[in-house]
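Structure first, commentary second.
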Amino acid sequence: MGLLPLVAEGAMVRRRGKHLIGPVDLKLEGAGVTMVVGPNGSGKTSLLSVLHGTLRLSGGDVRWACPLDEARKKQGFVFQTPKLLRRSVRDNLTYPLILLGVAKSEAREKAAEWAERVGIEHAFMQPARILSGGERQKLALARALIREPEVLFLDEPCSSLDGRATREIEEILISASNAGTRIMMSTHNMGQAKRLGDEVIFVLDGKLLEFRAAGAFFEAPETAQARAFLRGDIVE
Amino acid sequence: MTDIWEGLLHAFRMLLALDPDLVEITFLSFRVTLTAVVIASVIALPLAALLVVRRFRARRAVIAILNALMGLPPVVVGLIVYILLSRSGPFGVMGLLFTPTAMIIAQVIIILPLIASIAHQSLRELWSDYHDLLISLNTTQRQRIVTLIWDGRRALLTAALAGFGRAIGEVGAIMIVGGNIDHATRVLTTAIALETGKGDFALALALGFVLIALAIMVNIAIHWLTRTETEGRW
């Protein structure tokens, strides 16, 4: 059974009396890349975490087309700062497969294939800590993609990377999207949102103000806040 | 000062001659301590990892108790184990009092909180790095514990070595439950106490130097075997 559509109805998160996000209503389906944009602290990370299931809801509902346990196995998440295990590059890549019960030899074969695909094969047996920032993020991305997720969430994966590393990450994402992975990614970089996005979600103060096709959003945003944000004004 | 010098010379002479009593005492010290460290680690390390990954109501209280028990007076532990294993005690029927097993039991009780507390501190730091990733990968509690123990193994080794250090130098509890019986439960520390009591400071010091050398050798060997220093944190 497929994972999509993902439906959120009145999804809301409050922590210690503070409103983090919601109520959010959205339906994610089909293929392509959805970019989540908005100013700092607007709730982009919270939105991705709620949909991914790592942030507990205070109200409302988030539903996948298949049972939750199965759904968790078919998604990946890439964090803003790469979260790497204190292991070698190879063992970082095999880890999610071994959790799924894949045989070690098969997992290692697949890890070698992915290391080559993202260009970190030179450090395959080295500790992951020796990688550069861009390589670490590529490793984190490869580790998320190695499970062939149906949906991949990325939380500003290129925020601290230089142009070259950003381009390489984007190329990997485009090829993953072409291979059928549904991508939802937050970014600060409007150029990146235009390059990659098929759809755009504009978030402000924990609420989804716009969820539209990327072209339409960038050409004619519907809300005054989105227009101000795209103009580069400070939006609160 | 002369006593210390004489003690060193005596220690060398005994080691060179492979004095049978010294070998027996040293071997028993090593066996009792190592067994206690292994048993305590098998219990303490998963316990420490569990306290890190699992949130439950009494968690803070358990951590506070473990920390407090690090300073458990060995003599009191010895006394309690003695009462439990003595003929009139609940486990008296097992006939364990004044055996190396009784000494191991006492040492496990003494070092378990120490190993668990140090391990908990190390794993807490590792968990803060791993938390988001392991939650995101939908790992089970068991998988999280295994991952933390494996990836934190070098820091955990330090915890186990701290336990070894405390256990090998322990005298109060094992004197009570072991009885310091010649060729049965006499270990380096109890032998030192005995020789000091008899006024044979040179022999007591010689045994002391052997004890220190043993502790240093075990530490160096384990660090070398696991390459703790050369491979760094991960």
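The values are calculated or read from the model by the stated rules, or taken from the named source; none is laboratory data. All of these numbers come straight from a predicted model, not from anything done at the bench. In this analysis, Cβ positions are derived from the backbone assuming ideal geometry, glycine residues included, and neighbour counts consider all displayed protein chains.
For segment A:153-173, which positions are touching a residue at least 40 places away in the same chain (Cβ under 8 Å), closer than 16 Å to residue A:114 by Cα and aliphatic (A, V, I, L, M)?
Here is the first cut: in segment A:153-173, the residues touching a residue at least 40 places away in the same chain (Cβ under 8 Å) are A:153-157, A:159-160, A:168, A:172-173.
Add one more test, that the residue is closer than 16 Å to residue A:114 by Cα, and what stays is A:168, A:172-173.
Once the filter is applied, which keeps residues that are touching a residue at least 40 places away in the same chain (Cβ under 8 Å), closer than 16 Å to residue A:114 by Cα and aliphatic (A, V, I, L, M), segment A:153-173 yields A:172, A:173.
If you scan segment B:127-158, which residues turn out to be aromatic (Phe, Trp, Tyr) and either at the interface with chain A (Cβ under 10 Å from one of its Cβ atoms) or in contact with a Phe, Trp or Tyr (Cβ under 8 Å, 6 or more places away or on another chain) (or both)?
From segment B:127-158, those aromatic (Phe, Trp, Tyr) are B:127, B:130, B:150; that's our starting set.
Of everything in segment B:127-158, those that are aromatic (Phe, Trp, Tyr) and either at the interface with chain A (Cβ under 10 Å from one of its Cβ atoms) or in contact with a Phe, Trp or Tyr (Cβ under 8 Å, 6 or more places away or on another chain) (or both) turn out to be B:130, B:150.
May I ask you to verify whether residue A:136 is closer than 23 Å to residue A:33 by Cβ and either assigned to a helix (DSSP H, G or I) or away from chain B (no Cβ under 13 Å) (or both)?
Working: closer than 23 Å to residue A:33 by Cβ: yes; either assigned to a helix (DSSP H, G or I) or away from chain B (no Cβ under 13 Å) (or both): yes.
In short, yes.
Can you tell which of A:186, A:160 is of a type in the set (Ser, Thr, Tyr) and under 15 Å from the mean Cα position of the chain (by Cα)?
Working: A:160 fails: under 15 Å from the mean Cα position of the chain (by Cα).
Of the residues listed, the single one that is of a type in the set (Ser, Thr, Tyr) and under 15 Å from the mean Cα position of the chain (by Cα) is A:186.
Is it the case that some residue within segment A:7-16 is outside any strand (DSSP E or B), surrounded by fewer than 22 Cβ atoms within 10 Å (Cβ to Cβ) and under 19 Å from the mean Cα position of the chain (by Cα)?
Keep residues of segment A:7-16 that are outside any strand (DSSP E or B), which gives A:16.
Among the residues that remain, those that are also surrounded by fewer than 22 Cβ atoms within 10 Å (Cβ to Cβ) are: A:16.
Applying the additional criterion that residues be under 19 Å from the mean Cα position of the chain (by Cα) yields none.
Within segment A:7-16 (the criterion being outside any strand (DSSP E or B), surrounded by fewer than 22 Cβ atoms within 10 Å (Cβ to Cβ) and under 19 Å from the mean Cα position of the chain (by Cα)), the answer is no, since none of the residues qualifies.
Scan segment A:90-111 and give yes if some residue there is part of a loop (DSSP other than H, G, I, E, B) and either of a type in the set (D, E, K, R) or in contact with a Leu (Cβ under 7 Å, 6 or more places away or on another chain) (or both), otherwise no. Please lay out each step first, then the result.
Of all residues in segment A:90-111, those part of a loop (DSSP other than H, G, I, E, B) come to A:100-103.
Filter once more, keeping what is either of a type in the set (D, E, K, R) or in contact with a Leu (Cβ under 7 Å, 6 or more places away or on another chain) (or both): none.
Scanning segment A:90-111, I find no residue that is part of a loop (DSSP other than H, G, I, E, B) and either of a type in the set (D, E, K, R) or in contact with a Leu (Cβ under 7 Å, 6 or more places away or on another chain) (or both), so the answer is no.
Whether any residue in segment A:186-202 is under 27 Å from residue A:73 (Cβ atoms) and assigned to a helix (DSSP H, G or I) is what I want to check. Don't jump to the end; show me each part of the working.
Within segment A:186-202, the subset under 27 Å from residue A:73 (Cβ atoms) is A:186-187, A:196-199, A:201.
Subset that is assigned to a helix (DSSP H, G or I): A:196.
Within segment A:186-202, one or more residues are under 27 Å from residue A:73 (Cβ atoms) and assigned to a helix (DSSP H, G or I).
Looking at (1) touching a His at 6+ places or on another chain (Cβ under 9 Å); (2) of a type outside the set (D, E, K, R); (3) more than 14 Å from chain A (Cβ to nearest Cβ); (4) surrounded by 22 or more Cβ atoms within 10 Å (Cβ to Cβ), which is the one condition that is false for residue B:161?
(4) is the only condition that residue B:161 fails.
Testing residue A:176 on (1) in contact with a Lys or Arg (Cβ under 9 Å, 6 or more places away or on another chain); (2) under 27 Å from residue A:73 (Cα atoms); (3) surrounded by 20 or more Cβ atoms within 10 Å (Cβ to Cβ); (4) not acidic (Asp, Glu), one condition comes back false. Which one is that?
So the condition that residue A:176 fails would be (1).
Exactly one of (1) touching a His at 6+ places or on another chain (Cβ under 9 Å); (2) surrounded by 18 or more Cβ atoms within 10 Å (Cβ to Cβ); (3) at pLDDT below 90 is unmet by residue B:229. Its number?
Residue B:229 satisfies all of (1) touching a His at 6+ places or on another chain (Cβ under 9 Å); (2) surrounded by 18 or more Cβ atoms within 10 Å (Cβ to Cβ); (3) at pLDDT below 90 except (2).
Which numbered condition in (1) under 15 Å from residue B:138 (Cα atoms); (2) in contact with a helix residue (DSSP H, G or I) (Cβ under 6 Å, 6 or more places away or on another chain) is the only one that residue A:144 fails?
(2)
Determine whether segment A:118-134 contains at least one residue that is acidic (Asp, Glu) and buried (at least 20 other Cβ atoms within 10 Å of the Cβ). Can you show your working first?
Our first condition is that a residue be acidic (Asp, Glu); within segment A:118-134, this holds for A:121.
After this cut, where a residue has to be buried (at least 20 other Cβ atoms within 10 Å of the Cβ) as well, the list is none.
For segment A:118-134, residues acidic (Asp, Glu) and buried (at least 20 other Cβ atoms within 10 Å of the Cβ): absent.
How many residues are crowded, with 17+ Cβ neighbours inside 10 Å and over 16 Å from the mean Cα position of the chain (by Cα) if we restrict to segment A:24-36?
Qualifying residue count for the region: 2.
Do we find a residue being assigned to a helix (DSSP H, G or I), more than 17 Å from the chain's Cα centre (by Cα), within 18 Å of residue B:48 (Cβ to Cβ) and among the hydrophobic types (A, V, I, L, M, F, W, C) anywhere in segment B:157-167? Reasoning before the result, please.
Here is the first cut: in segment B:157-167, the ones assigned to a helix (DSSP H, G or I) are B:157-167.
Narrowing the set further to residues that are more than 17 Å from the chain's Cα centre (by Cα) leaves none.
No, every residue in segment B:157-167 fails to be assigned to a helix (DSSP H, G or I), more than 17 Å from the chain's Cα centre (by Cα), within 18 Å of residue B:48 (Cβ to Cβ) and among the hydrophobic types (A, V, I, L, M, F, W, C).
Would you call residue A:51 closer than 22 Å to residue A:146 by Cα, more than 11 Å from chain B (Cβ to nearest Cβ) and in contact (Cβ under 8 Å) with a residue 40 or more places away in the chain?
On the way: closer than 22 Å to residue A:146 by Cα: yes; more than 11 Å from chain B (Cβ to nearest Cβ): yes; in contact (Cβ under 8 Å) with a residue 40 or more places away in the chain: yes.
When the stated conditions are applied, residue A:51 passes them.
Scan segment B:86-109 and give yes if some residue there is small (Gly, Ala, Ser), within 30 Å of residue A:78 (Cβ to Cβ) and either within 14 Å of chain A (Cβ to nearest Cβ) or not in a loop (DSSP other than H, G, I, E, B) (or both), otherwise no.
Taking segment B:86-109 as the starting set, the residues that turn out to be small (Gly, Ala, Ser) are B:86, B:88-89, B:92, B:95, B:102, B:106.
From what is left, the residues that are within 30 Å of residue A:78 (Cβ to Cβ) are none.
No, that holds for no residue.
From the residues in segment A:59-80 that are in a loop (DSSP other than H, G, I, E, B) and surrounded by 15 or more Cβ atoms within 10 Å (Cβ to Cβ), which one is farthest from the other protein chains (Cβ to nearest Cβ)? Walk me through it before giving the result.
Of the residues in segment A:59-80, the ones in a loop (DSSP other than H, G, I, E, B) are A:64-67, A:74, A:79-80.
Next, from what is left, pick out any that are surrounded by 15 or more Cβ atoms within 10 Å (Cβ to Cβ): A:64-66, A:74, A:79-80.
Details: A:64: 13, A:65: 17, A:66: 14, A:74: 10, A:79: 6, A:80: 10 Å.
It comes out as A:65.
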